[in-house]
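Down below is the structure, laid out as structure tokens.
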Amino acid sequence: MPAVAVIGAQWGDEGKGKVVDILSEHADVVVRFQGGNNAGHTLVVGDETTIVHLIPSGVLQGKTCVIGNGVVVDPWVLIGERDKLRARGMLVEDEQLKISDRAHIIFPYHRAIDVAREAMRGGAALGTTGRGIGPTYEDKMARDGIRFADLLDEKSFPDMLRDSVERKNRYLTELLNGDAVDFQSVLEQCAVVRDQLAPHVTDTSVFLDKSLASGRRVLFEGGQGTMLDVDHGTYPFVTSSNTVSGAIATGAGVAPHRIGTVVGMCKAYTTRVGAGPFPTELHDEDGKRLQRDGSEFGATTGRPRRCGWFDAVVVRQAARLNGLHGLAITKLDVLTGFEKIKVCTAYELDGERIDCFPAAKAAVERVQPIYEELPGWDETLDRARSLEDLPKNARRYVKALEDLTGVPSFLVSVGARRRETILLRNPFAS
Ligand code: GDP
Ligand code: IMO
Ligand code: MG
């Protein structure tokens with residue numbers, strides 16, 4: 001049975017949560033494979049809004065939720081999120097939530113380092129979410145991290161933790177002007193975490209292999225977006241993980257050929273939260289209007305999102321890097337009322353036309369978007385359930401995005417609610 005992946009094709013917050021929730025109806029298992037609680041995925045069913053940061057967005061559909069080895073896990077956030085969902089009758093059985101024994105743990109010193117380092121950067125801060133994501137991935141790569149398998153080994157864990165806390169405290173206090181964390185207190189909190197989470201910890205790669213072999217349908221849920229990928233994004237204004245579909249293989253422990261269909265998520269315009277280049281960003285009334293009508297505030301930090309026109313250079317890059325089979329275009333409804341809508345088709349860099357994203361920071365800052373203008377529409381869209389229900393110019397806009405990116409649309413979203421959706425093609429059926 002094919003596995004399906006949902007990947008952000010812009011700078012995150014494209015609506016992955018909504019689409020994963022919808023596609024989960026057709027899945028048995030939903031998997032996060034990278035990132036951590038820097039993610040904030042919003043699910044709206046009727047009038048009830050749920051935001052998940054770590055638990056896969058298949059949870060409302062009652063599917064088995066897997067947190068793969070490539071995720072960095074803040075166990076206190078995870079317990080809080082699980083218990084809130086449990087209070088609503090979800091994840092009642094331990095086996096409905098599985099955590100990889102190889103996933104790295106975010107400790108309080110990681111959060112402290114993230115925050116202190118951003119403060120030290122001052123005006124050059126990256127605008128991280130302050131959740132300790134970067135410092136935890138750094139420890140992983142430095143072969144200095146602590147994983148769930150280590151937490152479960154009651155004999156060796158206290159020494160490992162003491163060693164880490166001592167070294168991190170020196171870094172925090174001597175280089176970053178931060179406050180030390182208290183080893184004893186963290187150790188005690190970790191005993192609670194062990195009791196709470198041990199029943200969920202397992203070899204998730206083995207579980208996924210068995211699931212796929214027995215024909216269960218698996219849905220992989222990306223965090224962040226392609227332009228935040230540590231290799232392919234707007235480095236250094238990126239997150240610390242690979243966010244592209246290739247990261248599924250390493251971050252979930254499944255072979256690459258198992259990933260059947262890749263759906264790329266994009267808004268009908270573009271947003272970005274945090275610092276870094278954004279060629280189509282608008283600083284005028286149109287930008288303010290997108291922010292207001294799209295309620296563009298971060299689901300994790302509440303920060304206002306920067307807004308701009310759709311950038312086909314970005315989504316084409318995402319199509320190439322992820323092998324996108326289809327697009328899920330969200331927030332088309334937010335464009336209602338614009339007389340003209342601009343779409344960036346290419347960039348101009350030092351007098352030359354380019355259609356790929358340059359690598360050098362200075363070059364990215366100099367690119368000028370080349371725009372095509374499309375006619376807008378005035379009708380509200382939230383009741384549309386098929387392309388025929390959309391006004392002609394909205395249909396034309398969707399078609400333009402398909403043509404400019406070279407990717408057909410599988411889904412068009414016309415409102416935040418689950419039902420405010422035009423499903424054109426079910427990726428589990430293709
Ligand atoms: P994610 O991180 O990719 O899951 O996206 P977020 O949840 O952070 O941000 C997307 C926001 O847009 C959320 O508030 C969603 O409820 C909302 N949303 C998703 N699709 C649509 C849509 O088609 N129209 C409108 N108006 N809002 C949407
Ligand atoms: P979802 O999954 C949007 C951004 C931060 C910052 C940069 C690095 O909801 O789409 P980090 O804390 O990861 O070290 O911050 O990445 N960022 C996101 N932006 N959506 C996200 O996740 C993000 N996760 C991280 O704002 O610019
Ligand atoms: Mg988000």
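Using only the Cα atoms of region 272-424, construct the convex hull and provide its projected area averaged over every direction, in square nanometres to one decimal.
Values: hull surface 37.9 nm².
Taking the Cα atoms of region 272-424, their convex hull projects to 9.5 nm² on average.
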- the chain: antiparallel bridges as % of DSSP beta bridges, rounded to 5, reads 40 percent
- Put a dot 7 Å past each Cα toward the Cβ at ARG292 and LYS210; how far apart are the dots in nm? 5.6 nm
- Its Cα gyration tensor gives region 16-69 an equivalent ellipsoid whose semi-axes in whole Å, largest first, are 17, 14, 8
- Span per principal axis, largest first, for the Cα atoms of region 135-288 (Å): 54, 51, 25
- Quick one: order PHE410, PHE297 by neighbouring beta-carbon count within 10 Å, fewest to most. PHE297, PHE410
- Its Cα gyration tensor gives region 34-128 an equivalent ellipsoid whose semi-axes in whole Å, largest first, are 28, 17, 11
- Label point distance in nm, ILE354-MET120, each placed 7 Å from Cα along Cα→Cβ: 3.2 nm
- When the chain is fully extended, how far beyond the present Cα-Cα distance does LYS155 get from ARG88, taking 0.36 nm per residue of separation? 20.5 nm
- Note on the structure: Taking MET90, MET141, MET120 and counting other beta carbon atoms within 10 angstrom, the fewest-first order is MET141, MET120, MET90
- Task: In whole Hz, with x marking every Gly and Pro, tabulate ³J(HN,Hα) for region 88-104 from phi via Karplus 6.51 cos²θ - 1.76 cosθ + 1.60, θ = phi - 60°.
- Result: 9, x, 9, 6, 5, 8, 4, 6, 6, 10, 10, 10, 5, 5, 9, 6, 7
- Task: Just need the relative contact order of the chain here, percent rounded to a whole number, with Cα pairs under 8 Å and 6+ apart.
- Result: 21 percent
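For TRP11, TRP76, what's the fewest-to-most ordering of other Cβ within 10 Å of each Cβ? Before the final figure, lay out each step's value.
Working: TRP11 28, TRP76 17.
Final ranking by Cβ density, sparse to dense: TRP76, TRP11.
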- Query: In terms of Cα to Cα distance under 20 Å, which lysines are near enough to LYS210, apart from those fewer than 8 places away along the same chain?
  - Reply: LYS63, LYS98
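Roughly how compact is region 104-199, stated as its Cα Rg over 2.2 N^0.38 Å to two decimals?
Numbers: Rg = 13.7 Å, N = 96, 2.2 N^0.38 = 12.5 Å.
Output field value: 1.10.
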- Each residue of region 201-217 in order: what ³J(HN,Hα) in whole Hz does its phi give by Karplus 6.51 cos²θ - 1.76 cosθ + 1.60, θ = phi - 60°, with x for Gly and Pro? 7, 7, 7, 6, 5, 5, 4, 5, 4, 5, 4, 5, 5, 8, x, 6, 8
- Using the eigenvalues of the Cα gyration tensor, what equivalent ellipsoid semi-axes result for the chain when each is taken as the square root of five times the eigenvalue, whole Å, largest first? 36, 26, 18
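Within 13 Å, Cβ to Cβ, of ALA247, how many net charges do the neighbouring residues add up to if Lys/Arg are +1 and Asp/Glu are -1?
Details: positive: ARG32; negative: GLU221, ASP229, ASP231.
Once all neighbours under 13 Å are counted, the net charge is -2.
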- Note on the structure: For the GLU138, ASP382 Cβ pair and Förster radius 35 Å, calculated FRET efficiency rounded to 0.05 is 0.20
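Each value in this text was obtained by applying a stated rule to the coordinates, not by laboratory testing. What you see is a predicted model; the values in this text were computed from it and never measured. Virtual Cβ from ideal backbone geometry, glycine too; neighbours counted across all protein chains shown.
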